[in-house]
Structure formats: C-alpha cells, structure tokens
1. Could you run the Debye sum over the Cα atoms of the stretch 103-259, one equal point scatterer each and no solvent, and tell me log10 of I(q)/I(0) at q = 0.21 Å⁻¹, two decimals?
2. Considering Cα pairs under 8 angstrom that are at least six residues apart, work out the relative contact order of the chain and quote it in whole percent.
3. Could you bin all the Cα-Cα distances of the stretch 170-268 into 5 Å bins starting at 0 and give me the percent of pairs in each, rounded to whole numbers?
4. Using a cut-off of 23 Å between alpha-carbon atoms, which lysines can reach residue 92, once sequence neighbours fewer than 8 places away in the same chain are excluded?
5. Between residue 251 and residue 96, what is the FRET efficiency for a Förster distance of 30 Å, r being their Cβ-Cβ separation, to the nearest 0.05?
6. Of all beta bridges DSSP finds with both residues in the chain, what is the antiparallel percent, to the nearest 5?
7. Rg over Rh of the chain, using C-alpha atoms and the Kirkwood radius, what does it come to?
8. Sorting check: for 244-250, 126-132, which peptide has the highest mean count of neighbouring beta carbons within 10 Å, and how do the rest follow?
Amino acid sequence: MSNQILCSTGALIGRPNGRDYHLLEKLVPELKFDGLEFMFYSDWYDDTESLTEYLTSLKLPIPVLHVQKTIGEVVSEGDLDLAKKRFEINAKVASKIGAKKMVLHLWNGKISDSKFERSMAAYQEFKDIADSFDIDLLIENVLCNVKTPMTRWIELREKYPDIHFIFDTKMAKFHDEYKLLFEPEYSWLYEEGHIKHYHVNDYGGGYMDWDNLRVLPVGAGNIDFDPFFKHIKDTGYEGTMTVEATAVRSDGTVDTKMLNNCYDEIKRRLS
C-alpha cells in the first residue's frame, strides 16, 4: 500500500465557473492524481440524485467527501436538526459515490468555536449518522477565533477517545500549530491512530493573518514541508492526502498544470 494523493474538487469547481460539477468530465483526464476528494456545495441539496448519478457514471475513485462547510456553523447557531438533515444528505451522497471518509468542519464561519459546547455535543450525532453508512467521520483542525484547533482536538479526544481527525497543514500554520505534529507531546495523534487523512496545502500569511487565507500550492507559501514529509515517512502513514490549492481562475478556467506540479512535488518528497 502507498499514499493515495487526491485532488479536491473544490480546487477545480468554484463560483467563477458556476460550481458546475459537469466540468469534472473534462478536467479529470488532464490531472495526474490518484483520485478525488469531493467537495459538497450548498447549491446541490436539491440536485443530489443527478449529482450522484453523474459522479458514479464517471467511474472515478472518490474515497473522501468533504462535507458542506456551513453545517458546523448551523450547529453553532443552535439548529442541530437542520445540521443533521444536511449532514445525512452529504452522507448519502458519500455512500453512493463510494467514499469511505467524510471531512467535517465541526465549527465554522464567523461564529467559529465560540459555541464549542454545541459542536462537542453534535459530534456524536454526526458520528452515528456516518457510522450508519459505514463511513469514517474525520474532524478537521479548522480555524478558531476563541481557542485553537489543537486545543479543541484535545477536548474532543478527552470526551471521545476513538475520534478521528484530518490534519490540514495550512490551518495548522495559521495558528502556529504546524510544528506540534512533530513534537513528542502530541505523538498520541498518530500512535493512537487518530489522524486518518491530510490536507497538504501551503500558506503565505503570518500568525492568524486573516487577510491571507488563500490556499496555496506546496512551495508557494512559507511552510517548511521537509519535517512534514519526514513525519509521514517516519510514522509509516500510507493513507490519503489531498491537494486543495485553488486552481480556478477569475474567468472560470482551471490551472491543471499547477495542480499536477503539486502532485509531482508530493510524489517526489514521498519517494
């Protein structure tokens, strides 16, 4: 087994090209990746049947689905029922397209982790739904405005000892928590098997630099990836990792060359 390097469909489909998932048919043959991480957008809640039929017809490996981002925000605002309804739709799509992992922003948006007690309680509700579809639910280290992602992970692990995470390099760097992944104090993250997926993204800003949140390709920001890839090899991680670098240009065209360069760079560093 070896690492499976995925491309996020969020890097390919965005507002400039109308979030048209039908573009995948043209774009994917131009990519070198081993599969896709499918980003679910809010536009598609009334179109899931056509969406899943289209995706399955492409016969592409899609091992990971990224849950629609504002679900965690809805939880924080106090509407758990609506959040669960939307999450279940995401889970049904994931199941139909063959995804075995779901990435969730358990908190999100301006409200972020300011109502973390609601997020903490909602986790089990989401986990039960994911389990019913035989899908592994992964909580991302998304940006916080009260505490930090690692602090929130520790709180979640204390309550849910078997919880699984997805580590995003950009999110970690934003909070100056990137190096924690390599420190002995946090070896429980991999020794206990909590991390099941990685987002490999670069970052061009400083500590909590809200004006520089753009997702950059590996090598285009200020993250030192040498210790990261050493960590991947030293820990024997052979799971999935996703490139999310924004490739959609303002005119809606997609820079597939940039994404393929990311793939080549990651492959080179893993070899």
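1. Reported log10 I(q)/I(0), two decimals: -1.49.
2. On the way: 469 pairs, mean separation 57.2, N = 271.
Relative CO of the chain lands at 21 percent.
3. 2, 11, 21, 23, 19, 14, 5, 2, 1, 0
4. Qualifying lysines at Cα under 23 Å: 59, 69, 84, 100, 101, 127, 196.
5. On the way: r = 32 Å, r/R0 = 1.08.
That gives a FRET efficiency of 0.40.
6. Approximately 10 percent, going by the DSSP bridge assignments.
7. Ratio value, two decimals: 0.93.
8. Ranked from most to least packed, the peptides come out as 244-250, 126-132.
Where a number appears in this text, it was derived from the coordinates with a stated rule and is not lab data. Just so it is clear, the structure is predicted and the values come from calculations on it, not from any experiment. Every residue, glycine among them, receives a Cβ derived from its backbone with ideal geometry; neighbour counts consider all protein chains shown.
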